[in-house]
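Contents: one structure, followed by commentary.
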């Protein structure tokens, strides 16, 4: 069974939008990303903040005079279960069937047009991690008529506030992907509260589930092979831990003063250096198994 996966995250400051941009264009790259992998800008020129400001101005919204609690933009992560992109070998990270990827991209393009239209300022396809996925940044510009206040304003609540609206969004994405054999995600799953960063972990766990080993399997494989795969599992956990550390550091970069950032940079860099070789070995082992 393969699922259509969609997650959204509100972006509440220009600094946070800048952090999203650095991740999406790989100025800030997770360790589990292949440096030689493809990152394709499908919509936008890569300068998300500049495009967002220009789009707001053209809509009659002054980007320098937003409310303190305004949602500047929304990031959506769209993907599908690994077994959709690589049927028969869902655990083969970094591998995909091109025809299936193209079909999914065609359906997503139609979905984005119907959902957010010209509010979309950036769409980035990441093919350098375990499973193909899209990062979509759109502006919650609301131009529905009202009696008071500006005719055009930022209003993410129109799309995202309340469980009913979020469930309806998941329903529509599921319907849009149904022709590909994808199913809507499980209703009322706790995963609906996961943010975009945690989604990476969910994607990785989905792939790992297909290769979970038991002691009975160990007998068939031989103890040596079982031990090797167990070691690879530990290395993958180290890689996920490093991703979490980097995500926290990016948040610190956006929120804390320069002085505190400088003080934390050295220990975070040292931790990254310690964990990076472990993650690299896991990546090499994955390629060998393929």
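The values are calculated or read from the model by the stated rules, or taken from the named source; none is laboratory data. Just so we're clear, the structure is a prediction, and the values are computed from it rather than from any experiment. For neighbour counting, all protein chains shown are included, and Cβ atoms are generated from backbone atoms with ideal geometry for every residue, glycine included.
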**Study point:** Within segment 35-58, tally of residues that are within 11 Å of residue 121 (Cα to Cα) and in a helix (DSSP H, G or I)
**Key:** 9
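Working carefully through the options 136, 123, 108, find the one that is on the phi < 0 side of the Ramachandran plot and either in a helix (DSSP H, G or I) or outside the structural domain of residue 169 (by TED's automatic domain parsing) (or both). Explain how you work it out, then say what you get.
Working: 136 fails: either in a helix (DSSP H, G or I) or outside the structural domain of residue 169 (by TED's automatic domain parsing) (or both); 123 fails: either in a helix (DSSP H, G or I) or outside the structural domain of residue 169 (by TED's automatic domain parsing) (or both).
Going through 136, 123, 108 in turn, just one is on the phi < 0 side of the Ramachandran plot and either in a helix (DSSP H, G or I) or outside the structural domain of residue 169 (by TED's automatic domain parsing) (or both): 108.
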Review point. In segment 141-159, is there at least one residue being at pLDDT 95 or above, crowded, with 18+ Cβ neighbours inside 10 Å and within 30 Å of residue 97 (Cβ to Cβ)?
Key: no
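Quick one: would you say residue 78 is touching a strand residue (DSSP E or B) at 6+ places or on another chain (Cβ under 9 Å), within 21 Å of residue 38 (Cβ to Cβ) and either touching a residue at least 40 places away in the same chain (Cβ under 8 Å) or in the same structural domain as residue 56 (by TED's automatic domain parsing) (or both)? Even if it seems obvious, please write down each step before you answer.
Details: touching a strand residue (DSSP E or B) at 6+ places or on another chain (Cβ under 9 Å): yes; within 21 Å of residue 38 (Cβ to Cβ): yes; either touching a residue at least 40 places away in the same chain (Cβ under 8 Å) or in the same structural domain as residue 56 (by TED's automatic domain parsing) (or both): yes.
In short, yes.
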